Amino acid sequence: MQSNDRRRPREPRSGLAALLEARLTESYGAAADVERAAHMAAYMKDVAPFLGIPTPLRRELSRAVTKDTPKPSEADCTALALRCWELPEREYQYFAVDYLRRHVSRCSSGFLPVVRRLIVTVPWWDTVDLLAAHTVGPLVAADPALAAVMDEWIGDENLWVARTALLHQLRYKSATDSGRLFAYCRRQSAHPDFFIRKAIGWCLREYAKTDPGAVRAFVAAERESLSPLSVREALKNIGAG
């Protein structure tokens, strides 16, 4: 199984995806707000255009879009996600992220290459972080063999793929593989990019809710190699002890 296959995933035929896309574009399109869209795009550093739909309204519209539709298959999830990523406005990708979060249990380990495609296409923290914690994380938890793919992702030249590897255990709590977590943080401790340094601190801070002593010990041992940002974020709620 080539779970880290970088080829573009094929979009399977899916009547459900076609139905959802049609409903979605009609519903979201009618709610567009040009002035708000400009502000939202600016806030997200113009990574993508926006329709200008505030989150509460977007979620309300999304519930109407999915109302009375059947549970999706993995093929439906694949088709819908790829279709949403082909639409220019960011809210369509938010819809896909939320949909995958809700239905990730219906997807197998073979879905991981699809998620990788989403991660590297128009990447920014607003989609990548949710995909990491709520789609990649559950996929790896369901199939521990995928941990080997995370071991590859942590060294990926694409910083968003590496960030995903750092964050995929974010919701694991006591099920966290702390050895792997600390090894990933150590592996990327010298990375110059803000988003990697921030992710190191974030995943350590989250694990500190489960085992603060282990995080303090790790930071103490690695303080010389970790960036000040990573250290500050890691110890934010527990202190140095």
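The relative contact order of the range 1-104, computed from alpha carbon pairs under 8 Å that lie at least 6 residues apart in sequence, is 33 percent.
The simple spin-label model puts a point 7 Å past each Cα toward its Cβ; for R10 and R36 those points are separated by 4.1 nm. Based on the Kirkwood approach, the hydrodynamic radius assigned to the range 29-177 is 16.0 Å, with every pair of different Cα atoms included.
Reported to the nearest whole Å, the Cα centre-to-centre distance from the range 49-79 to the range 213-241 is 39. With the largest listed first and rounded to whole Å, the semi-axes of the equivalent ellipsoid of the range 119-241 from the Cα gyration tensor are 21, 16, 12. What Kirkwood Rh does the range 44-120 have if only Cα atoms enter the pairwise 1/r average? Answer in Å. About 13.3 Å, per the Kirkwood formula over Cα pairs.
Accessible surface for the chain, divided over its residues, is 48 Å² per residue with a 1.4 Å probe.
Projecting label points 7 angstrom from Cα along Cα→Cβ for F194 and A240 puts them 2.6 nm apart.
Net charge of the neighbourhood of R58, taken over other residues with C-beta under 12 Å away and scored Lys/Arg +1, Asp/Glu -1, is -1. What part of the accessible area of the range 67-117, given as a whole %, is carbon or sulfur when the probe is 1.4 angstrom? After summing per-atom areas, the C and S share lands at 45 percent.
Stretched out straight at 0.36 nm per residue, the stretch from A142 to E26 would grow longer than its current Cα-Cα span by 38.2 nm.
Within the range 208-237, the GluC sites (Glu not before Pro) that combine a DSSP coil assignment with at most 15 other C-beta atoms in a 10 angstrom radius are E224. Counting only residues at least eight positions apart within a chain, or on another chain, the aspartates and glutamates with an alpha carbon under 17 Å from that of K209 are D177, E233.
Dividing the mean sequence gap of close Cα pairs (under 8 Å, 6+ apart) by how many residues the chain holds gives a relative contact order of 15 percent. Calculate log10 I(q)/I(0) of the range 84-156 for q = 0.17 Å⁻¹, where I(q) comes from the Debye formula with a single equal point scatterer on each Cα and nothing for solvent. Listed by q, the Debye log ratios stand at -0.60.
Per the Cα gyration tensor, the range 22-79 maps to an equivalent ellipsoid with semi-axes of 25, 14, 9 Å, ordered largest to smallest.
The values are calculated or read from the model by the stated rules, or taken from the named source; none is laboratory data. Just so we're clear, the structure is a prediction, and the values are computed from it rather than from any experiment. Ideal geometry is used to build each Cβ from the backbone, glycine not excepted, and the neighbour counts take in all protein chains shown. Ligands, DNA and RNA are excluded from the accessible area calculation, which covers all protein heavy atoms including side chains. Shrake-Rupley method; radii C 1.70, N 1.55, O 1.52, S 1.80 Å.
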